[in-house]
Structures are given as structure tokens and as C-alpha cells.
1. Please list the radius of gyration and Dmax for the stretch 207-256, considering alpha-carbon atoms only, with Å as the unit.
2. Would you mind giving the average projected area, over all directions, of the Cα convex hull of the stretch 13-131 in nm² with one decimal?
3. When the chain is fully extended, how far beyond the present Cα-Cα distance does PHE391 get from ALA212, taking 0.36 nm per residue of separation?
4. So what's the net charge close to PHE43: Lys and Arg +1, Asp and Glu -1, counting the other residues with Cβ under 12 Å from its Cβ?
5. Mind sorting THR52, THR84 by how few other Cβ atoms lie within 10 Å of their own Cβ, fewest first?
6. Amide H of SER79: which non-local residues (sequence gap of 5 or more, or other chain) have their own amide H closer than 5 Å, using H built in the peptide plane?
7. Between SER44 and residues 5 or more places away or on another chain, which pairs have amide H atoms under 5 Å apart, with H built 1.01 Å from N, and which residues are they?
8. Which one of GLN385, ALA413, ALA435 has its Cα pushed farthest toward the positive end of the charge dipole of the stretch 361-462, where Lys and Arg give +1 and Asp and Glu give -1 at the Cβ?
Amino acid sequence: MPEINSYGGDSPIAAFATTPGGSALTLIRCSGKGALNLAEKIFSDPEKLRQTAGNTVLHGWIIASNEKVDEVLISVFRSPKSYTGEDSLDISCHGGIAAGKGVMAALRAAGFRDALPGEFTFRAFMNGKLDLTQSEAVMELVSARTDKGRSHAIGRLSGVLEHEINAIKQQLVEVLSGVEIFLDYSEDEISANADEAAGRFSGQHSVREILARLRALAQSWRWERIYQEGILAVIAGRPNAGKSSLFNLLLKEERSIVTEIPGTTRDWIEALISLEGIPIRLADTAGLRESLDPVEKIGVERSRDLLEAAELILYLIDGEAGITAEDTAFINELKQTARRKPLLTLWNKADINPLPSPAETGGDYISISAKTGKGIAELEAVIVQTIQERFNAADERAAASLGTVRQKNLVEAAAAALEEALALAEQGQPLDLIAPLLREAVNSLGEITGEVSTADILEEMFSKFCVGK
């Protein structure tokens, strides 16, 4: 049976750090015990590689079967001053598929095995180079959609979240220590305050402070999720209302087909835009109307499904035709079925027919022209403001914030344990019932940084990374 590789250990591994293709360079990362010794077997000047210091770049050739494979630069990193904490090397070879594959084949022949997804970062964590929040920030940085998303990931990679979690945990440990000391020793052996002497919990004030910090962190995930996943904003309306024109205008490129013929868009199209650093997954949908055309009917049904999933709806009125009974019915339906999601109603084609007064329209509309661009800047500002209000988050946020669902779940678990501990304290329950809840909260916080972890959890987390990270 073939050997099944798993995380753990220090065997030499190698993987593409960049995708082979039509680029100028391809980068291959290698790490592990004896990695430099194995590399000597296929490098044109093995003695020079053997003697070179860490943080040094060498020029030479990769050799396989006495033939030159590719001309390369090798960046040498010696333990412990490397990304993984092990002896490592980054090989920069020529771009294209053939050169990179040839070098990888030579590495395998020399004794390297292919790295598992995220195995380099896994080793960095195991060797104390990164904690789990920093490890997760590596992939956040790779997948960042906007500059703000990148900036927040950099903050976590720099240790901002780790420091906040450790500070909260230290404050909680001090409370727990006081409780456990009293439980371990009789009141005659320690100097206790009146509450402790009576077996009551005296750390309620500190726990409330800790709970407030945890709730603020948990709240930060609502905003961070937007930067990582984006907000799904769906453009809806009757056929020929100008949905595709608005989609193209916000996207600043021609992606949707625009014609005078109603029903041109038969299915929805999605593209990513960024408004003030907020990633928005903008979707152009088929016109909402009753149709006998089986293809258009399927498109309308898919549009309705997308509206169910939307987090923001932009409903367009054809200003040239005015508000129809269909518009009114659809808007009322959306308000009923999507009470918890923002709905912005737009009066399009204002260049042809200006927006009537609120008394005439019977509601608040944003006046735009998808043809001339009039009102688009105002619309973008309203979209940003609506998202911020919807998710209860200001643009300028606290430095520490959560970056993954895992972190959010653990913070909420710690908070839930503390809430239960406070409830027991208010009921006058004994310390031996409260102490386990405090310990549970401490362990949850320890799981966030990786201080408390299991092999199964770690493998599950790092397996979601890309290969070469």
C-alpha cells in the first residue's frame, strides 16, 4: 500500500509556492530536516550550498541525471531563522509549466515529498513561529479582496489579535486563580475577604469587564466577515428597467448585455466591486415578470432564489414608464419576505423623466441615470452607509478583530461560560460550581491561539490552506 502522508514530523517537503504558468518566475518552497543536504544532490555547486550562511541567495543550476534542468536562484534559510523554523530554501526557477515541473521532479528524486495543504504554516505553528490566529491570517491575507481586508489580515498576522486574546485570558486566569486557591485551601490557611470566606464569588466585577471585551470581539466578526466574503447585493426590477446598465456602470466594465429588448438577461451574473474598501458581490438578475417563455421563466425563478440569499437589494424602477402595478407588487413582496435585509428603491432613467415628489411616488427613491451616471456617486455612498448601519459597524474599528468563524465560535463559547458563571454567582451558588465555568472560558480562549489544541482540530484547519503555504 502507498504511504499516506500526514501532518507532523520534520521530513523534507517541497511544493509550488506560485502556480506554474505563463509568469516570469516560478517559486518552489522546500523545508524540513536535512532539506539542505538533499538539495546539494541536485545543485550545480553543492559545496557552496553546504557552506552558505542563512538568509543568502545562491545562483546555479538544478541538475538531474547529469543534465541541467533549469537555471535558478536559491534563497537559503537556516533553522531557526526561517518561516517554518526548520532548514528551508526557496527555489526561483523560470516561469512556465515545464521548468517548474522539472525542478519538482528533481526534488522528489532527491528525497523530498510533496507538502500537504498548509503544511509549511503548520510547521511554523508547531515550531512556535506563529500562533493559530497568525496562521489563519496567512490565508486571510492570500484571499483578501480589498486593501482594507488585506490591512486587517496584516494586523492579525502581526499579532494584534493574539495580544488581545492573551490579555483577556490573563485577566481571567487571575480571577480563576483566586477561586481555585480558596477551593484548594481552607479559610484558616489563607487570608480571604468576606465573600470568599463565606464561599461566595468575589470576582464578578472583573468577569463583567472580561465579558464586555469578549462581546466586542464577537461583534467584530460581523464586519470582518464582510471583508472576507463580501456582501451579496442583488439588482432587481422589471425587464428593461436598466439593471444591466447599472451593473456595468458600478462594475466599470461591460459585463452584461444591454439592449432595448426586454428580457435580454436570462440568468444572473455576479461580479466583485469595492466601495470604500467594502467588497460587494454585485448580481445582475433577469427581469421580474410573468413569462410564458420557458427559458426566461427559469431565469426569473433563479432571480427570486438569489433575492432570498441577498443581503442588500437594489430595486430599479423604469423612470420612463413610471411605477407600475407589477413594481408595487414586487416591492411589497420584497418588504414582506426580506424584512431583515435592506431594500433600496431606485428611480432610473432620471435623465429622461426626473424623479417625482415623494407624494407622487408614495415612497423614498434614489434618483439615478444608469446611462449618464447621474446620481451614481450618491447611490454608492448610500450603499456604504446602509451596509455599515445594517451590520452595526463604523468604518474605523478597534485594532483587534476576529478573522475566522472558528475564532468567533470560541469567543462566544467563552462568553457563554462566563455568563453562566455570573448567573450562578448572582444566585449565591458555591464556588465549586463557578470555577469549572471559568476554566472552560480559559480553555476556549487558549484554543483560539493554539495553546490548547488537538491534532484532529489542527489537521482539519490547515488542510483548508492552499498547497505551498
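Read-outs throughout are calculated quantities, based only on the coordinates presented, and are distinct from any laboratory measurement. These figures come from a predicted structure and were not determined experimentally. Quick reminder, even Gly has a Cβ in these numbers, built from the backbone with ideal geometry, and neighbours come from all protein chains shown.
1. In Å, with Rg to one decimal and Dmax whole: 19.2, 58.
2. 6.7
3. 62.6 nm
4. Values: positive: LYS41, LYS48, ARG50, LYS68; negative: GLU40, ASP45, GLU47, ASP70, GLU71.
After counting each charged neighbour, the total is -1.
5. So the residues, fewest neighbours to most, are THR52, THR84.
6. ASP87, SER88
7. Counting only residues 5 or more places away or on other chains, the set is TRP61, ILE63.
8. In the stretch 361-462, that residue is GLN385.
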